[in-house]
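First up is the structure itself, then whatever we jot down about it.
The values are calculated or read from the model by the stated rules, or taken from the named source; none is laboratory data. Bear in mind that the values here come from a model prediction, so they are computed numbers and not experimental data. Note that we place each Cβ from the backbone using ideal geometry, even for glycine, and neighbour counts take in every protein chain shown. With ligands, DNA and RNA removed, areas are computed over all heavy atoms of the protein, side chains included. Shrake-Rupley method; radii C 1.70, N 1.55, O 1.52, S 1.80 Å.
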Amino acid sequence: MESRLNYFGNALAGKILKHINSAAKVLSESGLPAATQELVKIRASQINGCGFCTDMHTKEATLAGETAVRLNLIAAWREATVFTDAERAALELAEQGTRVADAAGGVSDEAWANAAKYYDEDQLVALISQIAVINAYNRINVINQQPAGGYRPGQFG
């Protein structure tokens with residue numbers, strides 16, 4: 001499989017990614033736990049069918065010490081016993097925030113209230129923003145048919 005165009009080598013794309021990457025850097029330095037950030041990125045990427053981001057974030061999570069069991073169970077987090085209640089709340093928010101078009105009401109009050117039990121206001125801002133940013137990356141890669149499997153941890157800095 002080849003991408004439709006060399007997005008990562010395009011000058012205009014580079015300018016656009018510079019801004020998205022700046023937002024991602026702010027999020028990586030936020031008070032939202034790093035493990036939660038990776039879980040959210042992986043789950044949204046799975047839902048969106050973004051192999052490139054799924055590959056990237058599972059490899060980055062592994063490098064950061066995430067276990068294979070947890071990574072293998074992200075798509076089935078509701079039935080898995082390996083996630084904390086806070087992580088479950090974040091995963092639910094990520095799913096609903098990613099599937100906005102599938103739900104007439106968007107994110108449910110219940111999902112929001114559950115997340116608000118575990119995360120303070122700044123962490124909620126980071127969580128909402130993380131969901132938005134990974135969805136932006138997913139859409140770029142899915143539209144461009146960016147191939148998956150060749151990502152090397154740290155490849156983008």
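Quick one: compute the contact order of the stretch 64-157, relative version, from alpha carbon pairs under 8 angstrom and 6+ residues apart, as a percent.
On the way: 40 pairs, mean separation 19.3, N = 94.
Reported as a whole number, the value is 21 percent.
Taking 7 Å along the Cα-to-C-beta vector as the label spot, tell me the Phe156-Ala113 distance in nanometres, rounded to one decimal.
Inter-label distance under the simple model: 3.7 nm.
Relative to the Cα centre, what is the charge dipole magnitude of the chain, using +1 at the beta carbon of each Lys and Arg, -1 at the beta carbon of each Asp and Glu, and rounding to the nearest 20 debye?
Values: 14 positive and 17 negative charges, 137 e Å.
For the chain, the charge dipole is close to 660 debye.
Please list the helices of the chain that count as membrane-span-like by this rule: a mean Kyte-Doolittle hydropathy of at least -1.0 together with Cα atoms stretching 20 Å or more along the helix axis, each helix being a complete DSSP H run. The partial results should precede the final answer.
Values: long enough: 11-28 (25 Å, 0.63); 34-48 (21 Å, -0.10); 121-144 (35 Å, 0.56).
Qualifying helices: 11-28, 34-48, 121-144.
Say each of Glu29 and Asp122 gets a label point 7 Å from the Cα, pointing the same way as Cα to Cβ; how far apart are those two points in nm?
Placing both labels 7 Å beyond Cα along the Cβ direction yields 1.2 nm.
Counting only helical runs of four or more DSSP H residues, what would the 222 nm mean residue ellipticity of the chain come to if each run contributes -39,500 (n - 2.57) and the total is spread over all its residues?
Values: 7 runs with 100 residues, N = 157.
About -20500 deg cm²/dmol.
Tell me the per residue accessible area of the chain using a 1.4 Å probe; a whole number in Å² is fine. Each step should come with its number before you reach the end.
Numbers: 8560 Å² over 157 residues.
Each residue of the chain exposes 55 Å² on average to a 1.4 Å probe.
Averaging sequence separations of C-alpha pairs under 8 Å and six or more residues apart, then dividing by the length of the chain, give the relative contact order as a whole percent.
It rounds to 39 percent for the chain.
Does the stretch 116-157 come out rounded, prolate or oblate by the C-alpha gyration tensor, with a ≥ b ≥ c the root eigenvalues, rounded set by a/c under 1.5 and, if not, prolate when a/b is larger than b/c and oblate if not?
Note, shape of the stretch 116-157 comes out prolate.
About the Cα centre of the stretch 51-116, what is the dipole size in debye to 20, counting +1 per Lys and Arg Cβ and -1 per Asp and Glu Cβ, all else neutral?
Numbers: 5 positive and 11 negative charges, 33 e Å.
Roughly 160 debye for the stretch 51-116.
Quick one: length gained pulling Glu79 to Asn6 fully straight, 0.36 nm per residue minus the C-alpha distance? Display every interim value, and only then the final one.
On the way: separation 73, 0.36 × 73 = 26.28 nm, distance 3.94 nm.
Working it through step by step, the gained length comes to 22.3 nm.
If you wrap a convex hull around the C-alpha atoms of the stretch 30-94 and split its volume per residue, what is the figure in Å³? It would help to have the intermediate numbers written out before the result.
On the way: hull volume 5.5 nm³, N = 65.
It is 84 Å³ per residue.
Which residue, Ala35, Ala136, Ala101, tops the fluctuation ranking in a GNM of the chain built on C-alpha contacts under 10 Å?
Looking only at Ala35, Ala136, Ala101, the biggest GNM fluctuation is shown by Ala101.
When a/c reaches 1.5 or more, the comparison of a/b and b/c decides; with that in mind, is the stretch 86-138 rounded, prolate or oblate per its Cα gyration tensor? Before the final figure, lay out each step's value.
Numbers: a/c = 2.00, a/b = 1.19, b/c = 1.68.
Oblate, because a/c is 1.5 or more while a/b does not exceed b/c.
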